[in-house]
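The values are calculated or read from the model by the stated rules, or taken from the named source; none is laboratory data. Remember, predicted model here, so these are calculated numbers, not experimental data. Every residue, glycine among them, receives a Cβ derived from its backbone with ideal geometry; neighbour counts consider all protein chains shown. In case anyone asks, the SASA skips ligands and DNA or RNA and just uses the protein heavy atoms, side chains included. Shrake-Rupley method; radii C 1.70, N 1.55, O 1.52, S 1.80 Å.
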Amino acid sequence: MNMKKTVTFLLAASMVAGLSACSGQGSNDAGSTTTDDGQKTEARSEAETAAEVMDGGDGMEELTFWHSMDSIFADITEKQISLFNETIGKEKGIHVTGVFQNWPGTDALTAAMSTDDIANMPDVIQLYGESVSTVRDYARTVWAEDYISGTEATLKKEDLIPNAVSSHSIDGKMIGVPWGISALMLYYNQDYLDQIGAEVPGTIDEMAKILPELVAKTDAEYGLNVRVNEFELENWIATQGQGGTYFGNNESGHAGHMTELACDKDGSLEKFLGEWEKVVKSGAYKPIRDSINEEFAQGMYGMVIMTSSRIPTIAGLVDGAFEWGVAPIPVVDAADVGGAYPSGSGLFILDRDNKAKKTAAWEFVQFMASPEAQVMWLEGAGYIPVNLKTAELDGYKLAIEEEPRLQVPSDALMMATEKVVPAYVPNSSTTDSVIKDAMIAFGEGNATKEETMKAIVEGCEQAFNDYYRANPID
Amino acid sequence: MKAKKLWDVFVQLFCIGLALVILFPILYALSVSLMDQRAVLAKPPNLLPPKVTFENYRIAFTRTTLWRYMLNSFIVALLCSMSRMVIATMAAFAFSFFEFKGKRLLFALTLSTIMVPPDVLIVSNFTTISRLGLINTYLGVCSIFLVSATNIFLLRQHFLSFAKSLKEAAYVDGCRNIRFFTAILLPTSKPILTTVFLSSFVSVWNQYVWPMLVTNKNELRTIQVGITMLKDRESSIFGPVMAGVIMALIPTVLLFLVFQRRIVAGMMTGAVKE
Amino acid sequence: MNDRPKSNRKLLRSLEPYLWLAPAMILFAVFTFYPFLETIYKSFFIVDALGNLKRFVWFQNYTYILSDKVFVKAIGNTLWYTILTVPISKVFGMLLALFANKRRRTSVFYEAGFAVPMAMASSVTAMIFQLLYVPSLGFLNGFFGWKVQWLNNPKIAMISIAVIQIWLSTGYAFIFMLSAVRSVPQDVIESARLDGASEFRQLTKIFVPLTSPTMFYLIITDLAFSMMMMSLVNVLTDGGPQNSTITIMQYIYKQISATGNYTNANPAAIIAFILTLAASMLGFLWEKKGVHYQ
């Protein structure tokens, strides 16, 4: 046994570790000065030359792209990346490597951010709306606005779905570029609706009315299954009114920070809960979520409400056993704008003290939002092509011809206004549990409308307190 | 006599039945990994795949570089369990065969590391590793797993039961400490060292959060990270992830079966002795 | 001249134990003590998402989280979970070891069967049980015709999770207990048998006391482990429903991973440490009274 060798090696390793832990503090201080504008340039030029040397003589710009796409979404992401590398990348000397990170992608990012370890930072990162709070005030965040409004950009704001743009904007300036977008949809079992002679409901009230009938006259165990989390609730708030409604203050965080709810003050929350009470009282509604895809596919529900990205999964599971369709979610009031907001993720560029990399990163990001890349989502992922020009591609037409239901979600987004956007909720994992718990209690008849409202408002307040206590707005 | 034999058969049948019940979740995972998506959640439930398909394994291997991940996990687990074994043996040797100032305190400190919540230290440790430039290295992945206090605890108890007189006898022979350590103590502790090695291997093999955080190159990712990539958050498709689970399980179970006889034979013979 | 090497050797001899301990202690210092002390220090500060110390607030962070209903609930849940899992898995481990004590023809098979769960990662195990627990179409309910909401019912969810943990740690306890049971001297059992002691009496008077040191080791390590459980909850319930399964670690993890809120996570970690320490102290108290060393 060469135990001796191992011992020596380990000893040496632990010594090195011990020594540098002591001297570590200094280097951190040096790193943090880069946030100070005055000294930024100096530090930058050094790092830049270092980075250029690292890239080697072949002039290839190596980019790192962090994403948290799993399963089929990961497959398509890889395809998009290789298409970029083979086309624009080859032409402009850029090579992108995709790296999977733990969902929602913030663990590794905050670790890199807190050490200011630019060597191990990505050039481009995929983030969900709820994580924007993490990067909105970060000095290394490169705003997409700086590039997309430039004359050389091939991607224009007008090419993108309008509320996908506003969803990724703060004070009218784009911070990231929408990439993997989906929308909350109503999935209905057409056979069941035919059996009771009903139309696809347009409002919550209409929906509540047909629920008992679905149970009585069809094989469905429940008329409707949906677990109302933050995502669902926000959609029902956002789609209210003629022009849409903000869930939180400061335009849901799209102008200044969102520090409190707005929906409890303008009456939109109460209005929704009032309508939803009808669904609860129908006695044919299941408020918890088990395996909703399979259950719907087996005919257990007349309707379910879930994200559009499951259309391919449902199609695979149902496999022609019955007719089904997707429609925009029923609205609170017949006069509401309706539709849905674009949920999902966008791409964000980080400044690694290297201008060439930033420019290259933009090339990549604008490609990822291009029709050529976006059309790939239709190959089994069910995301909505965020680029309106995608519709002109043959690939798109073919995919829609094969699965016409994939057209409905993007129509739903177009239906809504620019004001129908997801909120930049700070501490959203906590608010999400608060809303979920409150809405399940409401749905099971264990809480009144007033109690539910109180639970949501107070729970969110506590969550915001937690967040802003630790991260005061300067 | 006959009654006794019958009883023996009965006990064996009972134990095998019990073992099957205990193994059920694993066998079920194996079965699911061979099912097509629609058979996984069905009414009535399928215990065995109605039609065996290897599609999930094909997906698992094409979607991720599973072999590479397994190799990485193997390297990391091997390095860490070797290191844990060596370092724990050395420390336990000191705790059991020497009298020195601060012994009780150092031992208490060692035990206290078991009670420190590891997740809170992660960012701090990440900072250390990042400053050492060990991000994206095997050493960086191994770093926080190189020593484990439970192993020291276990070995110390074992050594304490090891007759002290044996050491004295060795001294009479003019044996120096190092020689006593390598020539007498280690060989006689083989079974318990096997336990330490094996349990370390399994626990490092199963690590997930840290290996993911300190690597951001696909070539350095480990098997548990691979399983996450197969997990479908959006649509809850279970087949490929179960295929990944089974693949991840094979090496540890094999290793375990190979060494199992040896562990049971000698583990904790002296047990805890103060 | 003659004195020098002698005193050097003496010095070396007195340093020797520390040299043997050095690798372990250095690694502990770098990767556990240093960051943990840092955590204690930082727990008195408001810390922003980037790890900057904003303001010194004494014990305010502690009082802040202790007045948070969710955190208090997390403490209660963690203790409940520990009480549910630690004793039962040890008893099961012991029973299995007694069944398997005598070597029989098929020993190899069922010994392996009993022990294999110890090779499973908890996150992976969680996924398998997630599938088994699916209420409408899952195997458990479907096969037995039950209608149990394993993970959606706040009254049952924690028990469902405890079952998984028991499954996992019974295998571990078994393998340790098996060797302990097998090392009980044969003559002790024989003489008890000759005295006409019943099977049950043999168990309480011989097996339990003589294996208690092993049991002690298992309980101490498993206590710490259960007090810091997170991965099962993370995969299965994310702390819900109605916070019925949130543990201290899950609370900490949520604070860290979602928003980088170390202002809450640091003091929570210290509290977790103190609680675990206290629980282990109870274990050591029991050692004084109930653990028999030969």
For region C:1-90, state the average projected area of the convex hull of the C-alpha atoms over all orientations, rounded to one decimal in nm².
12.0 nm²
Taking H as built 1.01 Å from N, whose amide H comes closer than 5 Å to the amide H of A:THR203, not counting residues under 5 places away?
A:VAL331
Of B:ILE152, B:TYR57, B:SER130, whose Cα points farthest to the positive end of the dipole of region B:57-266 (charges on the beta-carbon: +1 Lys, Arg; -1 Asp, Glu; origin at the Cα centre)?
B:ILE152
For region A:109-114, Karplus-derived ³J(HN,Hα) couplings (6.51, -1.76, 1.60; θ = phi - 60°; whole Hz; x for glycine and proline) come out as 5, 5, 4, 5, 5, 6
What is the Cα centroid distance between region C:134-166 and region B:113-152, reported in whole angstrom?
36 Å
Length-normalised contact order for region C:3-60 - Cα pairs under 8 Å, 6+ apart - percent
18 percent
For region B:232-259 and region A:392-425, what is the separation of their Cα centres, given in Å?
37 Å
So the carbon and sulfur contribution to the accessible area of chain A, 1.4 Å probe, in percent, is 52 percent
For region B:57-266 the translational diffusion coefficient, Stokes-Einstein from a Kirkwood Rh over Cα pairs at 10 °C and viscosity 1.306 mPa s, in µm²/s, is roughly 83 µm²/s
Sorted by chain and number, the residues with a modelled amide H under 5 Å from that of A:ILE161, at a separation of 5 or more or across chains, are A:LEU388
Hydrodynamic calc, chain A: Kirkwood Rh from Cα pairs, then Stokes-Einstein at 4 °C with viscosity 1.567 mPa s, so D in µm² s⁻¹ is 54 µm²/s
Please report the equivalent ellipsoid semi-axes of region C:70-290, computed as sqrt(5 x eigenvalue) of the Cα gyration tensor, largest first, in whole Å.
36, 23, 14
Fraction of accessible area attributable to carbon and sulfur, chain B (%, probe 1.4 Å):
68 percent
For Cα pairs less than 8 Å apart in space and 6+ apart in sequence, what is the mean separation divided by the residue count of region B:1-53, i.e. the relative contact order in percent?
28 percent
Distance in nm between pseudo-label sites at C:LEU277 and C:LEU203 (7 Å out along the Cβ direction from Cα)
3.8 nm
Where A:GLU130, A:GLU363 fall by accessible area, highest first, once all protein chains stay in place (1.4 Å)
A:GLU130, A:GLU363
Roughly how many debye, to the nearest 20, is the charge dipole of region B:1-53 about its Cα centre, given +1 on each Lys and Arg Cβ, -1 on each Asp and Glu Cβ, and no other charges?
180 debye
Hey, can you list the residues from region A:286-302 whose accessible area shrinks by 20 Å² or more with all protein chains present, relative to the chain by itself (probe 1.4 Å, no ligands or nucleic acids)?
A:ILE288, A:ASP290, A:SER291, A:ASN293, A:GLU294, A:GLU295, A:GLN298, A:MET300
I need two numbers for region B:1-53: Rg to one decimal and Dmax as a whole number, Cα atoms only, in Å.
16.9, 54
Assuming a viscosity of 1.002 mPa s and a temperature of 20 °C, what translational diffusion coefficient in µm² per second does Stokes-Einstein assign to the protein assembly as shown, Rh being the Kirkwood radius over Cα pairs?
69 µm²/s
For A:TRP324, distant residues with modelled amide H under 5 Å away
A:GLN190
Range of Cα positions in region C:148-205 per principal axis (Å), largest first
54, 21, 13
Have a look at region C:33-54 and report residues whose accessible surface goes down by 30 Å² or more when the remaining protein chains are included, against the chain on its own, probe 1.4 Å, ligands and DNA/RNA excluded.
C:PHE33, C:TYR34, C:PRO35, C:PHE36, C:ILE46, C:ALA49, C:LEU50, C:LYS54
FRET efficiency (C:PHE56, C:LEU12; Cβ distance; R0 45 Å; to 0.05) is 0.50
What quantity of accessible surface, computed with a 1.4 Å probe and excluding non-protein components, is buried in total between chains B and C, in Å² to the nearest 100?
8000 Å²
Note down the magnitude of the dipole of region C:19-174 about its Cα centre, charges +1 on Lys and Arg C-beta and -1 on Asp and Glu C-beta and zero elsewhere, to the nearest 20 debye.
440 debye
Sequence order, region C:182-194: Karplus ³J(HN,Hα) from phi using 6.51 cos²θ - 1.76 cosθ + 1.60, θ = phi - 60°, Hz rounded, Gly and Pro as x, gives 6, 8, 5, x, 4, 5, 4, 5, 4, 5, 5, 4, 5
From the helices alone, meaning DSSP H stretches of at least four residues, give me the mean residue ellipticity at 222 nm for the protein assembly as shown, per-run term -39500 (n - 2.57), in deg cm²/dmol to the nearest 500.
-18500 deg cm²/dmol
A:ASP137 - accessible surface, heavy atoms, 1.4 Å probe, Å² rounded to 10
110 Å²
Of A:ALA391, A:ASN163, A:ASN293, which is farthest towards the positive pole of chain A's charge dipole, taken about the Cα centre with +1 and -1 on the beta-carbons of Lys, Arg and Asp, Glu respectively?
A:ASN293
Mean Cα-pair separation over length for chain B, i.e. relative contact order, pairs under 8 Å, 6 or more apart, %:
32 percent
Determine the dipole magnitude for the protein assembly as shown: charges of +1 sit on the beta-carbon of Lys and Arg, -1 on that of Asp and Glu, nothing else is charged, the reference point is the Cα centre, and the result goes in debye to the nearest 20.
7120 debye
Furthest towards positive pole of dipole, C:GLY51, C:THR63, C:TYR217, structure part chain C, Cβ charges:
C:TYR217
Output wanted: per-residue J couplings in Hz (rounded whole) for region A:171-180, from phi through Karplus 6.51 cos²θ - 1.76 cosθ + 1.60, θ = phi - 60°, x for Gly and Pro.
6, x, 10, 6, 9, x, 10, x, 9, x
How much length is gained on full extension from A:ALA119 to A:THR359, taking 0.36 nm per residue of separation minus their Cα-Cα distance?
84.7 nm
